[in-house]
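The values are calculated or read from the model by the stated rules, or taken from the named source; none is laboratory data. Note that the structure is predicted; figures quoted are calculated from it, not measured. Backbone-built Cβ (ideal geometry, glycine too); neighbour counts: all protein chains shown. All accessible areas refer to the heavy atoms of the entire protein, side chains included, with ligands and DNA or RNA removed. Shrake-Rupley method; radii C 1.70, N 1.55, O 1.52, S 1.80 Å.
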Amino acid sequence: MTIGIGGSTAKKQLKRLKPVNDNIKTVALIEFKDRIKQAQTLMKQQAIDAIYLNAGSNLYYFTGTKWHPSERMVGAILPSIGDIEYMAPHFEIDTLKEYTQVEGKIHPWHEHENPYQLFGQIIKRMGIENGMIALDEATAFFITDGIQQCNPHLNYKNAKSITAYCRMHKSKNEIALMQRVKSITMTVQKSVARILYRGISTTEVTDFINKAHIKLGAQSGSYFCIVLFGTDSAYPHGVKNPQQLAENDMVLIDTGCQIDGYISDITRSYVFGEPNERHRQVWDTEKASQAAAFAAAQLGNTCANVDQAARSYLTKQGFGPEYNTPGLPHRTGHGIGLDIHEWPYLVAGDDTQLNVGMCFSNEPMLCVPGEFGVRLEDHFYMTENGPKWFTQPAYSIDDPFGYEFAGTGIQ
């Protein structure tokens with residue numbers, strides 16, 4: 001049996017898990033204000049007069065306001081000079097105040113009124129007559145369309161050059177917050193591997209993972225969860241129907257949680273039982289391709305170069321080429337932070353140069369349709385000395401969590 005797989009129960013594993021208490025500070029008001037200052041500096045450089053930030057992760061990033069987007073327009077307008085101002089339905093004002101950290105004037109609109117006209121009125125009061133307005137790239141089309149239809153005299157562009165640029169460069173505090181959430185999910189990965197037994201269903205495993213995340217301090221449980229056995233593991237994002245675990249099945253578990261807005265996303269693949277030669281070949285190739293991507297992730301190198309490093313290695317091993325299977329059918333990795341997938345991406349065509357503070361997943365999955373798939377996903381962040389892992393990559397197909405390697409006991 002693969003080391004660290006099976007041999008325990010869900011009850012035993014949940015009992016030993018304790019909430020993480022690392023005293024890491026959440027994002028403070030001063031950091032939100034510093035983000036706004038950075039955005040305004042960039043806006044002046046790019047001749048952008050104001051940015052509309054819609055409810056969601058961009059609004060939270062700059063203002064500390066946690067608000068889910070819906071059919072009702074809730075957002076903020078950040079001018080290049082001056083204070084940020086908000087707009088929201090009249091009946092939501094008191095609630096919005098409770099969730100907002102960076103204070104600003106709130107402009108209300110009633111249900112029968114047009115919020116897109118209100119947007120134009122706010123922009124005019126800010127002294128912007130025919131300026132350039134950058135719209136949050138995550139804003140739903142009906143909002144961006146409504147804004148532009150009601151305010152044709154203004155000029156518009158994508159706000160990504162501001163929002164993505166600021167968000168892709170994480171602060172030391174953000175790195176610490178991300179380290180916490182990833183460490184929690186890594187602990188969950190080790191625990192869930194211990195509860196596996198012949199006949200367990202993917203539904204049971206998913207339920208345990210959710211409970212384990214909660215036990216460790218992620219109050220909302222799993223942010224997402226993909227559990228795949230056997231041939232189903234060749235499908236990157238899962239299958240419709242739950243399955244039961246069989247002897248010598250490949251197991252793929254991809255999961256994460258969210259704490260203080262920041263998200264984890266870690267995948268482990270291993271065999272329940274004894275791996276055969278085909279398992280070993282594909283698993284070892286996957287691990288080596290992940291290492292190739294990591295080695296290429298050097299300051300000044302591009303995201304596209306990192307993807308090519310992993311893909312080139314796989315091609316030399318007889319997989320692919322490009323996106324063909326058996327091989328790697330998707331990009332090598334993605335940025336991560338307040339969104340599970342955010343800019344920039346480790347993919348051909350993304351010529352963003354790697355810089356200090358950028359955070360990425362590294363997951364050049366190998367899919368062998370009709371047989372199995374192997375995805376080893378860990379995340380790294382860029383330091384002044386190059387890339388650094390948030391979590392230690394898998395060790396070997398026989399000892400994926402490194403118990404024997406480290407000389408530690410299996411809990």
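Within segment 277-327, can you find the residues that are out of contact with any Leu (no Cβ under 7 Å at 6 or more places or on another chain) and acidic (Asp, Glu)?
277, 284, 322, listed by residue number.
Anything in segment 62-78 that is under 24 Å from residue 170 (Cα atoms), free of Cβ contacts under 8 Å to residues at least 60 places away in the same chain and open to solvent by 10 Å² or more (accessible area, probe 1.4 Å)? List them, or say none.
Those that are under 24 Å from residue 170 (Cα atoms), free of Cβ contacts under 8 Å to residues at least 60 places away in the same chain and open to solvent by 10 Å² or more (accessible area, probe 1.4 Å): 67, 68.
So residue 256 fits all but one of (1) touching a residue at least 60 places away in the same chain (Cβ under 8 Å); (2) farther than 15 Å from residue 5 by Cβ; (3) surrounded by fewer than 19 Cβ atoms within 10 Å (Cβ to Cβ); what number is the exception?
(3)
Here is a list: 85, 129. Which entry is in contact (Cβ under 8 Å) with a residue 12 or more places away in the chain, in contact with a helix residue (DSSP H, G or I) (Cβ under 9 Å, 6 or more places away or on another chain), charged (D, E, K, R) and within 21 Å of residue 163 (Cα to Cα)?
It is 85.
Residue 267: in contact with an Asp or Glu (Cβ under 6 Å, 6 or more places away or on another chain), part of a strand (DSSP E or B), within 21 Å of residue 390 (Cβ to Cβ) and modelled with pLDDT of 95 or more, yes or no? Break it down into steps so the answer makes sense when it comes.
On the way: in contact with an Asp or Glu (Cβ under 6 Å, 6 or more places away or on another chain): yes; part of a strand (DSSP E or B): yes; within 21 Å of residue 390 (Cβ to Cβ): yes; modelled with pLDDT of 95 or more: yes.
Considered against the rule, which asks whether it is in contact with an Asp or Glu (Cβ under 6 Å, 6 or more places away or on another chain), part of a strand (DSSP E or B), within 21 Å of residue 390 (Cβ to Cβ) and modelled with pLDDT of 95 or more, residue 267 comes out as yes.
So, in segment 88-99, how many residues would count as being out of contact with any Lys or Arg (no Cβ under 9 Å at 6 or more places or on another chain) and open to solvent by less than 80 Å² (accessible area, probe 1.4 Å)?
3
It is to be established whether one or more residues within segment 365-373 are open to solvent by less than 10 Å² (accessible area, probe 1.4 Å), touching a Ser or Thr at 6+ places or on another chain (Cβ under 9 Å), part of a loop (DSSP other than H, G, I, E, B) and at pLDDT 95 or above.
Yes, because at least one residue in segment 365-373 is open to solvent by less than 10 Å² (accessible area, probe 1.4 Å), touching a Ser or Thr at 6+ places or on another chain (Cβ under 9 Å), part of a loop (DSSP other than H, G, I, E, B) and at pLDDT 95 or above.
From the list 167, 180, which one is farther than 30 Å from residue 127 by Cα and either open to solvent by 10 Å² or more (accessible area, probe 1.4 Å) or in contact (Cβ under 8 Å) with a residue 40 or more places away in the chain (or both)?
180
Out of the residues in segment 101-142 meeting the condition of being of a type in the set (A, V, I, L, M, F, W, C) and more than 15 Å from residue 86 (Cα to Cα), tell me which one is surrounded by the fewest Cβ atoms within 10 Å (Cβ to Cβ).
Step one: list which residues in segment 101-142 are of a type in the set (A, V, I, L, M, F, W, C), which gives 102, 106, 109, 118-119, 122-123, 126, 128, 132-135, 138, 140-142.
Still in the running and more than 15 Å from residue 86 (Cα to Cα): 128, 132-134, 138, 140-142.
Working: 128: 19, 132: 17, 133: 22, 134: 25, 138: 18, 140: 16, 141: 7, 142: 11.
The residue in question is 141.
Here's a check for you: in segment 270-315, which residue that is surrounded by 22 or more Cβ atoms within 10 Å (Cβ to Cβ) and not in a helix (DSSP H, G or I) is nearest to the chain's Cα centre (by Cα)?
297
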